[in-house]
Amino acid sequence: MAVDGQLVARTVGELRAMLAEAGDLLAGLQRVVDATRTVVGVDGVGLTLAHEDGPPRWVATTDRAMELLEEVQQDFGEGPCLVAYAEDRVVAVEDLRRAPRWDRIAVVVGQLQVRGMISVPVQLAGQPVGTLNAYTTSPRAWSAQEIDALGALAAVTADLIHTGAELAARDIEVAQLRQALVSRVWIEQAKGVLGATQGISPEAAFQQLRAQARSSSRKLADLAQEVVQDAQRQRIAAVAVDDARVRAAEARAQAAEQALQAAQTGQARRIAAMDRAQDTADVRERAADERDDVADERSRIADQRDRTADARDRAANDSA
């Protein structure tokens with residue numbers, strides 16, 4: 001797909017213009033993913049950032065499908081986003097359904113019609129700190145223009161993260177930056193979990209988290225991390241149940257197919273046996289017909305002989 005270079009440049013310029021006012025870091029990151037979807041012309045965009053205790057997790061997305069796509073990769077410990085982060089390179093997938101390497105992910109997100117996918121590293125101080133990811137609902141052969149556009153937006157993302165962190169602490173190191181982001185990321189993700197499971201607003205979710213933290217004398221970030229991890233464990237369990245159901249359904253389908261094949265084989269054998277029996281009966285009937293014909297011929301000859309003998313007898317009587 002062709003990308004409007006002027007639109008990319010204008011969008012990047014507008015995003016950079018807000019760097020000096022990056023007081024609300026997560027709101028700024030959300031603006032980046034929203035702009036990326038429009039500029040690159042994709043169906044969904046997400047941003048992941050590294051956590052202190054493991055690989056990247058999503059911090060901003062354009063839709064629930066993108067959230068699930070990134071959560072599934074986190075649950076399975078594999079996927080284009082994780083490879084892009086671990087190997088610090090662009091990972092482009094034209095069609096997730098036709099990529100054997102990601103078949104488990106494709107099965108889980110198949111109902112969402114996720115087909116094309118691409119992940120671009122977000123670098124800070126020469127090190128990957130996350131990925132900017134996009135997906136399409138139809139296969140996409142990612143062009144060099146699209147990759148370049150995503151790279152430019154990933155660079156803006158890195159600058160936004162760095163600027164946001166500098167507002168709190170100047171000359172921050174990459175490791176410190178990650179640590180500074182962790183608490184906020186956990187809290188935002190926990191708000192999303194509570195909002196999705198309880199049907200409450202983000203503000204109500206935050207107040208609930210804060211009240212629970214105070215009542216249990218715990219740090220808000222620690223409680224938020226527990227909420228998110230519990231939700232992740234529940235998703236893994238649900239995926240495992242779904243996998244078991246799929247395997248059971250496949251086993252039932254295979255057994256039904258085998259039973260059908262056996263029935264078809266038995267029916268074919270019965271038909272063949274009936275055909276052979278019919279052929280034998282036809283042969284016997286023809287033999288019986290031939291015997292009847294012979295008997296009829298013999299009867300005809302005998303009748304002819306009787307008539308000849310009678311004629312002779314009458315001739316002899318007439319002569320006498």
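The values are calculated or read from the model by the stated rules, or taken from the named source; none is laboratory data. This structure is a prediction, so every number in the text was calculated from the model and none was measured. Here the Cβ is made from the backbone with ideal geometry for all residues, glycine too, and neighbour counts use every protein chain on show. Just so you know, the surface numbers come from the protein's heavy atoms only, side chains and all, with ligands and any DNA or RNA stripped out. Shrake-Rupley method; radii C 1.70, N 1.55, O 1.52, S 1.80 Å.
Surrounded by fewer than 19 Cβ atoms within 10 Å (Cβ to Cβ) and under 20 Å from the mean Cα position of the chain (by Cα), is that true of Pro100?
Values: surrounded by fewer than 19 Cβ atoms within 10 Å (Cβ to Cβ): yes; under 20 Å from the mean Cα position of the chain (by Cα): yes.
Yes: the conditions hold for Pro100.
Which ones in region 149-186 are open to solvent by less than 60 Å² (accessible area, probe 1.4 Å), assigned to a helix (DSSP H, G or I) and modelled with pLDDT under 60? Across region 149-186, the qualifying residues are Val174, Leu177. Among the residues of region 208-238, just one is basic (Lys, Arg) and under 15 Å from Glu67 (Cβ atoms), namely Arg235.
Please count how many residues of region 49-67 are under 23 Å from Ser138 (Cα atoms) and either open to solvent by less than 10 Å² (accessible area, probe 1.4 Å) or within 18 Å of the chain's Cα centre (by Cα) (or both).
Here is the first cut: in region 49-67, the ones under 23 Å from Ser138 (Cα atoms) are 58, 60-67.
Next cut, either open to solvent by less than 10 Å² (accessible area, probe 1.4 Å) or within 18 Å of the chain's Cα centre (by Cα) (or both) only: 60, 63-67.
Adding up the residues that qualify gives 6.
Which one of Pro121, Pro80 is modelled with pLDDT of 90 or more, farther than 23 Å from His162 by Cβ and surrounded by 21 or more Cβ atoms within 10 Å (Cβ to Cβ)? Working first, answer last.
Values: Pro121 fails: farther than 23 Å from His162 by Cβ.
On inspection, the qualifying residue turns out to be Pro80.
With respect to (1) in a strand (DSSP E or B); (2) out of contact with any Asp or Glu (no Cβ under 9 Å at 6 or more places or on another chain), the lone exception for Gln74 is condition (1).
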